[in-house]
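Colleague: Before I ask anything, here is the structure I am working with.
The values are calculated or read from the model by the stated rules, or taken from the named source; none is laboratory data. Everything numeric here is computed off the predicted structure, so don't read it as measured data. Glycine also receives a Cβ, built like all others from the backbone with ideal geometry; neighbour counts cover every protein chain displayed. We work out accessible area using only protein heavy atoms, side chains counted, and drop any ligands, DNA or RNA first. Shrake-Rupley method; radii C 1.70, N 1.55, O 1.52, S 1.80 Å.
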Amino acid sequence: MDDLNKRLGQLETQHPESWKVEELRSTALSLSREIDDIRCAEATAALSELLRK
């Protein structure tokens, strides 16, 4: 995520249409949250399986 923020910062300085960069940032943040949700769900399922044993 840190690398993504750095790249988005570069894009902001190179392109005056910052609203597009904001849209990219918003989409990236949303996608990151979805990935975190999936990881948490997988970890919860794995932990539940271990606790059942």
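Colleague: Hey, what number do you get for the chain at 222 nm if only DSSP H runs of n ≥ 4 count, each worth -39500 (n - 2.57), divided across all residues, to the nearest 500?
Modeller: Values: 2 runs with 48 residues, N = 53.
The per-residue figure over the chain is -32000 deg cm²/dmol.
Colleague: Would you work out what percent of the accessible area of region 1-46, with all protein chains in place, is carbon or sulfur (probe 1.4 Å)? Walk me through the numbers on the way to the answer.
Modeller: Details: 2140 of 3830 Å².
Of all accessible area on region 1-46, carbon and sulfur atoms account for 56 percent.
Colleague: Also, quick follow-up: Give me the compactness ratio for the chain, meaning the Cα radius of gyration over 2.2 N^0.38 Å. Show your work: numbers first, answer last.
Modeller: On the way: Rg = 17.1 Å, N = 53, 2.2 N^0.38 = 9.9 Å.
Output field value: 1.72.
Colleague: Quick one: helix 18-52 against the long Cα principal axis of the chain, what's the angle to the nearest 10°, folded into 0 to 90?
Modeller: In the chain, helix 18-52 runs at an angle near 10 degrees to the longest axis.
Colleague: I would also like to ask the following. Within region 9-53, report the GluC sites (Glu not before Pro) that DSSP leaves as loop and that have at most 16 other Cβ atoms within 10 Å. Show your work: numbers first, answer last.
Modeller: Numbers: sites: E12, E17, E22, E23, E34, E42, E49; in loops: E17.
Sparse-neighbourhood loop GluC sites (Glu not before Pro): E17.
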